[in-house]
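Note sheet for the following structure.
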Amino acid sequence: MRSRLTWERWLKGKTGNRSDRRGIRLFERLEEGRSCPAAGRLEDPTEPDRINSNEASEVPMNGKYQVRHELRPKALEGFSEEQTAQHWALYEGYVKNANLLIEKIAGLSSKRDFGPEFAELKRRLGFEVNGIVLHEHYFSVLKAGQAPLGDFAELTKMFKKVFGGFSAWKEEFQAVGKMRGVGWVILYYDPHSRILANYWITLHEEGHPAGFVPILVMDVWEHAYMIDHGASGRAEYIDAFFRNVDWPRIELNLKVAMKLSEKESAHSSR
Ligand SMILES: [Fe+2]
């Protein structure tokens, strides 16, 4: 297993920012074997044998979730502290409710009580857990003091290849975000055709293309912007969101997703 120092050196090479504590934490989580917002269960893309390893699989206590305080954004441009605080409290609510469901389901399962209550709790679990995962993706890419993408970034090249350029991709992504209704806009990496694609997701747990990896997640439920911009202020909110996207982080998400995809296709072709 790589040492923390090795991770920090590797990360520095990817982000050029040794002080990016969120990024370092991301790779601490890789070592812990826990899922993370960049690409589900991530592995070190520089270490070929690690993807099939079960080492260091430290599961959260009793399979429960914990609030990831290190992801909480601070001093975002165009976001009031009240807006961020209330949105963060909703995320904490998903953690609390998911843990409550897990506990209740485990209790019923231990008694082999697989009746209607068990079924309804199981149905509800996907909503709560995806509420956690999507909010962790969302918060993890928001950072004050935004750093731009370089011309030679993998993401820049991919935007050009798939959409014709960053501006064209952004225009479509924002247009999806302005669609009527509440939900999520997600830029995915499609590991099958190895391209990027923008998707609209209404409920947290429905409509995700199987196997696709979220690269950038934007929350367009009204609670994400009501305090700062009001019910009709989604366009202003989307503009503020884009002023805080941590592009080196998105670049890292893409590179990890691409590397995992290569490993999986190599594994399945054996
Ligand atoms: Fe939200």
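The values are calculated or read from the model by the stated rules, or taken from the named source; none is laboratory data. Since the model is a prediction, treat every value here as computed from it, not as a measurement. Cβ sites come from the backbone with ideal geometry, for glycine too, and all protein chains shown count toward neighbours.
Scanning the range 180-200 for residues being touching a strand residue (DSSP E or B) at 6+ places or on another chain (Cβ under 7 Å), in contact (Cβ under 8 Å) with a residue 24 or more places away in the chain and not small (Gly, Ala, Ser) gives a total of 10.
With respect to residue 256, determine if the residue is among the β-branched types (Val, Ile, Thr), surrounded by 21 or more Cβ atoms within 10 Å (Cβ to Cβ) and within 16 Å of the ligand (Cβ to nearest atom). When the stated conditions are applied, residue 256 does not pass them.
Only a single item in (1) outside the structural domain of residue 207 (by TED's automatic domain parsing); (2) surrounded by 13 or more Cβ atoms within 10 Å (Cβ to Cβ); (3) not in a helix (DSSP H, G or I) is not met by residue 148, and it is number (2). Pairs are defined by a Cβ separation below 6 Å, a sequence spacing of at least 6 or placement on different chains, a first member in the range 79-91 that is within 9 Å of residue 135 (Cα to Cα), and a second member that is part of a loop (DSSP other than H, G, I, E, B); the pairs so defined are 88/72. Within the range 68-107, take every residue that is closer than 27 Å to residue 119 by Cβ and aromatic (Phe, Trp, Tyr) and give me the one that is farthest from the ligand (Cβ to nearest atom). Here the residue is 94. Looking at the range 176-199, is at least one residue more than 16 Å from the ligand (Cβ to nearest atom), at pLDDT 95 or above, assigned to a helix (DSSP H, G or I) and in the same structural domain as residue 253 (by TED's automatic domain parsing)? Scanning the range 176-199 turns up at least one residue that is more than 16 Å from the ligand (Cβ to nearest atom), at pLDDT 95 or above, assigned to a helix (DSSP H, G or I) and in the same structural domain as residue 253 (by TED's automatic domain parsing).
The helices (runs of 4 or more DSSP H) found wholly in the range 211-270 and carrying at least 2 residues that are among the aromatic types (Phe, Trp, Tyr) occupy 234-242.
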